[in-house]
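So the structure is just underneath, and the comments pick up after that.
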Amino acid sequence: MKLILKNIGIINQAEINLNGLTVIAGDNDTGKSFVGRTLFSIIKASNNSGIIFTEKLEKKIIDIVQEIYIEVRKNLEKEGSKDLFDILNPGSFIKELKSAVISENVFKIDDVIQKRTSFIRTSSLEKPLLEALHLKLEELRSVLDINNSEEKKKIHSKACKEILQKEFSSRIRNIHTKNNGEIYFSEGLNQLLKITLSNGSIEVEYLDSLLVPTATLIETPFILQMKGLLGDYKKYLPVHISDLFEKLTGSIGYFDEDMFLKKIESTIQGDWDYNIEKDDFVFTKEISGKKQPFESINTATGIKSFGVISLLKKAGVLEKRCVLVIDEPEVHLHPKWQVEYAKIIIELVKEGVIVLVTTHSPYMVQAFSVFSKEANIKSDFYLSHKNEEGTAKMENVSEDINKIFLQLSKPLNEIVRGKKYAP
C-alpha cells in the first residue's frame, strides 16, 4: 500500500510505502506525527462508516439470524442435530458478529458467516432446508457486505470528513501554500481513495474499499492511567486517543501458548490486564513466588509501553493487514529496552501487521534495520526535514540509512566539537 500527501500539515509532499515496516525519522516539527495521524484517520473513517451502517441495520441482522434458527427448529429435532443448533444459536451467532464489527474487521465478519455456510453444506440436510438456510445466510452477507453501494460511499465520505475534522481540528491543509491539500491511498497500480482539501471544504472520493481491518495509533503509554481523566472529555479528544482507550479496555485474554505475548512477559517480567472491577489496567508480577498486582499509576512508564502492545494483542486488533502507528516509542524507554521493543514490533510485522513508526532514536533505527533484514521482511526508511520555505519533505533513504544517523547525531557532534549548539 502507499500513502501520498501533498500540502498536508507542514508537509509539502510525502510518498510513504506501507508494505510491512515503515520507519520515519528526523527532527521535531517535520511532519512525522502528521503522517501517522493522517493514515490512522482515513482507515478509521473507512471502517467506522461500516459500523455506522451496521448499527442502523442491527434489527435486520438480528431478525435474519433468528429466522435461520427458527427454520432449523421447525424442521429438525435438537437431540439429533445438537452441533447445528449450537452453531446457529442466535446468542452466540450475533455475539460473534458484533465482536467482528467492534474490531472493525471485515474479514472476521465474513469468516463468521462462512463458518455457518460451510457447516450447513457438510450437514446431511434435506435439500429444501439446505437451500432455505443458504439463502438466509446470503441475505445476511448482503446486509453486511455493502462496500459497493452508493449509500455506503456517501457514508464513507461523511465519516471521513467528520473524523479528519475532529482529529485535526480542521487544521489539515498546509498553511504555507494556497494550493489544495491532497491525500491519496493506493495499492499496487490502483488508487483506492482521494481526498481534496481546500479552504473550508473536504471532498472525499472512495474508488475501492481499503480492506484494512483496523488502524490503531499509540501516542503515549500514559493512556493506561488516564481512565479517570477521560470521562466526559472524550468528545473533545482527538479520535486516536478515544479509539485506543476503547480497544485497550476491550482486551479479551489469551491462551498460554501465545508466544508473542510470552515474549513481552519475559521482557517486562510480568503481564498486563484490564481489571473490570477496579476499572483500571493492572500489571501483575511474581515476587518471592507470589503474584503481586500493581495499579497502572504505580508501574514504570517503560513497562506501560510494552503493556499497550500486549493489551492490543489481547483485544484482537493486531492481526494480519491491521495497521499500527507508533509515535516516538523511545521517549520512555532505556536504549536496551528500545532494542527489545523493536524486536517485539518486528514479530508483529512477521505476523502480517502493517507498522508505521516515527522516531528520533538512532538505537531504534539501527535495531529496525538489523532485525528486519534478519527476519527477511519488507522495510522502508524515511528522513523528514524542512526546506528553506519552512515546509517539510520525506526522503526515502532505505538504500542509505546513514543519512538518518548523520541527521540525528548533529547535536552530539556540536557538543563534542565544542561548538555552540544550535537547533
Q: Report the residue count in the range 359-382 for those that are surrounded by fewer than 18 Cβ atoms within 10 Å (Cβ to Cβ) and under 18 Å from GLY31 (Cβ atoms).
A: 0
Q.
Between a residue in the range 295-316 that is over 13 Å from ILE223 (Cα atoms) and any residue that is basic (Lys, Arg), which pairs come within a Cβ distance under 7 Å, given they are 6 or more apart or on different chains?
A. ALA315/LYS247
Q) For SER170, which of the numbered conditions (1) among the small types (Gly, Ala, Ser); (2) out of contact with any helix residue (DSSP H, G or I) (no Cβ under 7 Å at 6 or more places or on another chain); (3) at pLDDT 75 or above fails to hold? A) (3)
Q: Only strands (runs of 3 or more DSSP E) wholly contained in the range 258-319 count here; list those with 3 or more residues that are under 24 Å from VAL331 (Cβ atoms).
A: 271-275, 280-287
Q: Of the numbered conditions (1) charged (D, E, K, R); (2) modelled with pLDDT of 90 or more; (3) surrounded by 19 or more Cβ atoms within 10 Å (Cβ to Cβ), LYS263 fails exactly one; give the number of that condition.
A: (3)
Q: Determine, yes or no, whether ARG121 is modelled with pLDDT under 90 and either under 27 Å from VAL323 (Cα atoms) or touching a strand residue (DSSP E or B) at 6+ places or on another chain (Cβ under 8 Å) (or both).
A: no
Q: Name every residue in the range 329-357 that is surrounded by 17 or more Cβ atoms within 10 Å (Cβ to Cβ) and free of Cβ contacts under 8 Å to residues at least 40 places away in the same chain, in order of residue number.
A: GLU330, LEU333, GLN338, VAL339, TYR341, ALA342, VAL353
Q. On the given criteria, is ILE70 assigned by TED's automatic domain parsing to the domain that holds THR117, at pLDDT 90 or above and either assigned to a loop (DSSP other than H, G, I, E, B) or surrounded by fewer than 20 Cβ atoms within 10 Å (Cβ to Cβ) (or both)?
A. yes
Q: All but one of (1) surrounded by fewer than 20 Cβ atoms within 10 Å (Cβ to Cβ); (2) outside any strand (DSSP E or B) hold for LYS393, so report the exception by its number.
A: (2)
Q: With the condition kept exactly as written, say whether any residue in the range 158-174 is more than 25 Å from LEU237 (Cβ to Cβ), outside any strand (DSSP E or B) and among the charged types (D, E, K, R).
A: no
Q: Give the residues of the range 383-405 that are free of Cβ contacts under 8 Å to residues at least 40 places away in the same chain and over 19 Å from VAL357 (Cα atoms), sorted by residue number.
A: GLU388
**Q.** the range 196-216, residues that are in contact with a helix residue (DSSP H, G or I) (Cβ under 7 Å, 6 or more places away or on another chain), part of a strand (DSSP E or B) and modelled with pLDDT of 85 or more
**A.** VAL204, ALA215, THR216
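The values are calculated or read from the model by the stated rules, or taken from the named source; none is laboratory data. Keep in mind that this is a model prediction, so the values were computed, not measured. Note that each Cβ is placed from the backbone with ideal geometry, even for glycine, and that neighbours are counted across all protein chains shown.
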